[in-house]
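Derivation of every value follows stated rules applied to the coordinates shown; laboratory data play no part. Computed from a prediction, not measured in an experiment: that's the story for all the values here. Virtual Cβ from ideal backbone geometry, glycine too; neighbours counted across all protein chains shown.
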Amino acid sequence: MIDVVGIGSALMDLTIRVDDETLERLGLKKGTMRLVDAATSRSILAALAGYAMEKTPGGSAANTAAGVAALGGSAAFMGKVGSDELGDFYRAESERMGVSMRLARHEAMTGLAITLITPDSERTFATHLGAAIHFAKTDVLEDEIRGARALHVEGYMLEGSMKEATLQAMEAARKNGVRVSIDLADPSLIERNLDEFKRIAKEYAGILYANEDEALAFTGNSGEEALGTMASMCEIAVVKLGEKGSLVRRNEEVHRIEPYRVAVVNTNGAGDMFAAGMLYGLARGLPLGKAGRIASYAASRVVSQVGARLSSRPDLGQIGM
């Protein structure tokens, strides 16, 4: 049985270090994610010609699947890429990282997430979804889901053209006793779909993740009050508090998970690796608090490096696992 099947936008991450003036010149607001068309994506890359660039497979749920594999678990990923060289690279590099890829192809270009990191370690995205937005019901492999311990879904898949396929995947999981893990992903996304996201959470969520801003958008509260509201909708609720750690709750069992202190290089991927650690720990049958510690440790490892995926297998012996 596979530990986790991820379903999400298959995006190639192009990570580039820039200064604040460059962001302004590109017309991008620091710390935000802006969706752009193919032409804008190409023009941004043209303006950044000559900058050092790191190219890695990305996308939130895909990163989480790779995190599970890096921790020693088993993971698969479903998404859609273009019939191009980037799509080939995306598959090959993800498989090298230990993820079983279940990718569909489309005539559109492979999606790109241009990730700009400023000297304060803040990340700003210019994202072109490309082929990823064409993920359809026919791309959902229900046999893969039935054979998993958990299905992990990024919130972006619950809006627009990808929603119908994602709901089909979650329904397949629910019918077969597979835990559904949902990352709420973005405050603006939540605000646009608040009532529908609450319905989906109550109907499908086994695990529900939110950072402080997302939790506020979703519940109207923060901290333990937000955690309690989320916990009433699902089996396990998680509120990530950044450098203050995280809160995890199942029924009346509440854990405050302390952060692991590291020199932060890039916050990209922290939430994805937190989810990976939690899913890995739960798949091993560990108590909730221990799974939360693995999640916190995995997140600390990824923010201490440039990329959004773990570059090596974390030594869980460092945290007594």
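Summary table below
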quantity: Correct choice for Cα extents along the principal axes in Å that was computed from the model, options [x] 59, 42, 37; [y] 53, 43, 39; [z] 52, 49, 42; calculated: [y]
quantity: Highest-MSF residue in the chain out of L11, L167, L45 [GNM, Cα springs under 10 Å]; calculated: L45
quantity: Per-pair calculated FRET efficiency, R0 = 41 Å: E171 and R256 via Cβ, rounded to 0.05; calculated: 0.75
quantity: Options L35, A291, S9, ranked by Cα towards positive dipole end of the chain, top entry (Cβ charges); calculated: A291
quantity: Likely footprinting exposure, K240, K30, fewest C-beta neighbours within 10 Å first; calculated: K30, K240
quantity: Helix-only mean residue ellipticity at 222 nm for the chain, each DSSP H run of n ≥ 4 adding -39500 (n - 2.57), per residue, nearest 500; calculated: -11000 deg cm²/dmol
quantity: Inter-label distance for E21 and S188, nm, one decimal - labels placed 7 Å from Cα along Cα-to-Cβ; calculated: 2.7
